[in-house]
1. For residues that are among the hydrophobic types (A, V, I, L, M, F, W, C) and within 11 Å of ILE35 (Cα to Cα), scanning just the stretch 59-78, find the one that is surrounded by the fewest Cβ atoms within 10 Å (Cβ to Cβ).
2. Only one of PRO48, PRO7 is over 24 Å from GLY73 (Cβ atoms) and of a type outside the set (S, T, N, Q). Can you tell me which?
3. For a quick check of your reading: which helices (runs of 4 or more DSSP H) sit entirely within the stretch 34-123 and have at least 3 residues that are of a type outside the set (Asp, Glu), out of contact with any Lys or Arg (no Cβ under 9 Å at 6 or more places or on another chain) and within 30 Å of ILE13 (Cα to Cα)?
Amino acid sequence: MAYVPIPKDLDKIKTKVAFNLTKRQLIGFSVAGLIGIPIYLTLKKYLPNDISMMFLLVSTFPVFYITFFDKDGLTFEKYFKYFYLHKFYQPTKRVRKEVYLEEKRKANENAKSKSDAKATKKR
């Protein structure tokens, strides 16, 4: 009798939709085709075939990269979101909570005093 190993963790198994591709891969290939084929057909009129093919490849590689990107179980969109939030919205130096709250209170007071000063100028 044939022995077929069954993986313990079924989360990593992705369902295939058509042509043994996942839904994400089908959408990615479709978008790459919608971007690449018109570029190739347009440039083929003005440039040699090999140069046009290079432009097709260069224009579709980012879409293929986004389609197949999977790091630590995260897709490109989620990974980029977390990377962006970490890089631009989280402080590089951690501040004690008391100091942070004091700075926030001072900033609120400054904003309030500026708005009060503008209101008195308008009168």
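Each value in this text was obtained by applying a stated rule to the coordinates, not by laboratory testing. Note that the coordinates shown come from a computational prediction; the quantities given were computed from them, not determined experimentally. Positions of Cβ are generated from backbone atoms using ideal geometry, with glycine treated the same way; all protein chains shown enter the neighbour counts.
1. Per the stated criteria, the residue is PHE61.
2. So the residue among PRO48, PRO7 that is over 24 Å from GLY73 (Cβ atoms) and of a type outside the set (S, T, N, Q) is PRO48.
3. Output list reads 49-68, 76-88.
Conditions tested, residue by residue: (1) in contact (Cβ under 8 Å) with a residue 24 or more places away in the chain; (2) loosely packed, with under 12 Cβ neighbours inside 10 Å.
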{"position": "ARG24", "(1), (2)": "yes, no"}
{"position": "ILE39", "(1), (2)": "no, no"}
{"position": "THR42", "(1), (2)": "no, no"}
{"position": "PHE80", "(1), (2)": "no, no"}
{"position": "PHE88", "(1), (2)": "no, yes"}
{"position": "GLU98", "(1), (2)": "no, yes"}
{"position": "ALA111", "(1), (2)": "no, yes"}
